[in-house]
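First comes the structure, then the notes that go with it.
Rule-based calculations on the coordinates, nothing more; no lab input. Just so you know, these numbers come straight off a predicted model, no measurement behind them. So basically every Cβ, Gly included, is an ideal-geometry build from the backbone, and we count neighbours across all protein chains shown.
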Amino acid sequence: MLPEELEHFRERLERQERRLEDSIKELNLLKQISTDNLIATIELRRYLETLTREFKEFKDEMKAFKDEMKVFKDEMTAFKNEMKVFKDEMTAFKDEMKVFKDEMTAFKDEMRAFKDEMNRRWGELANRLGTIAEDIFAPGIPYLAERLGLNVIKRMLDVEYRKEGRYNQYDAIVVAEDPSGNEVVLVAEVKSQLRPEHFQEFRSKLENLLYYEPDWQGRNIIPILAAFRIPEDLVGLANRRGVLLVRMEGDYLEPINPEVIDKQGPSGEAQ
């Protein structure tokens, strides 16, 4: 073999050797890449398995959450239905309360009207009783004076006085003489039922009587309170005030405490 050919062969062999080395390098590189790819594939597979597992867990959790939400939704629907029933019941209750309130208002109005009517009738009855008492007692005062041994000179029923802005009404006034010839004035006030406050009212009327009739100053004035009903505890008060109490009993009018007449002074007060 010629040197040129040998050199050429040597060069060719070197090129083949380099190519082989390059191929080995590429093979090693490919091997390394394959190994890396295999590792990456394994890691990717593990990651995908983990991801798949987590996704399944997430999916299960979402399903459980959806189930809980459905239960919650059903409970909310039931609650809304109950609230609707409650609201309907409250509306019905409010309607019933309104009807009850209207009925109570109507009842109160009826009771107010009934009370007003009863007050009016009681007032009429009281006035009528007062008139009946006056009609029964007042005409009998002169006869009572005669029974007490007095000689009746003048009798006046339902007497009214008006003088300088003052006004008083007296059921009966009798002017009489006692057995000694002294003039006596009997002044009667008639009540259906006697009460303690009537004594003070009567005393004021007696004081005004002397204002209307000044000529009666110094005369013996006998105040008389007559009534259908006279409580026993008022007899002592009448004795202290020098007031003759008269009620209907037995012979028409009956004096309860005639002894006060003997104790009378000129002003009508007990001595």
Item checked: the range 96-113 - phi-based ³J(HN,Hα) in whole Hz, Karplus 6.51/-1.76/1.60, Gly and Pro as x -> 5, 5, 5, 4, 4, 5, 4, 5, 5, 4, 4, 5, 4, 4, 5, 5, 5, 5
Next item on the list: Note down the net charge around ARG53, summing +1 for each Lys or Arg and -1 for each Asp or Glu among other residues with Cβ under 11 Å from its Cβ.
Entry: -1
Item checked: In Hz, Karplus ³J(HN,Hα) per residue of the range 161-174 (6.51, -1.76, 1.60; θ = phi - 60°; x = Gly, Pro) -> 10, 10, 7, 6, x, 9, 9, 8, 10, 10, 5, 7, 10, 10
Checklist line | Under the Karplus curve 6.51 cos²θ - 1.76 cosθ + 1.60, θ = phi - 60°, whole-Hz ³J(HN,Hα) for the range 78-86, x wherever Gly or Pro sits | finding: 4, 5, 4, 5, 5, 5, 5, 4, 4
Next item on the list: Please list, in chain and number order, the residues 5+ apart from GLY242 or on another chain whose amide H is under 5 Å from its amide H, with Hs placed from the backbone.
Entry: ALA270
Next item on the list: Would you please put 187-200, 51-64 in order of how densely packed they are, using the mean number of other Cβ atoms within 10 angstrom per residue and starting with the highest?
Entry: 187-200, 51-64
Note to self: For a quick check: with amide H placed at 1.01 Å from N, whose amide H comes under 5 Å from ASN220's, ignoring anything fewer than 5 positions away on the same chain?
What the structure shows: VAL185
Notebook entry, point to check: Around ILE256, which amide H atoms from residues at least 5 apart in sequence, or from another chain, sit under 5 Å from its own amide H, with H modelled in the peptide plane?
Noted result: LEU245, VAL246, ARG247
Checklist line | Packing-based exposure ordering (other Cβ within 10 Å, fewest first) of LEU234, LEU48, LEU148 | finding: LEU48, LEU148, LEU234
Note to self: For a protection proxy built on the mean count of beta-carbon atoms within 10 angstrom, sort 208-221, 85-98 highest first, please.
What the structure shows: 208-221, 85-98
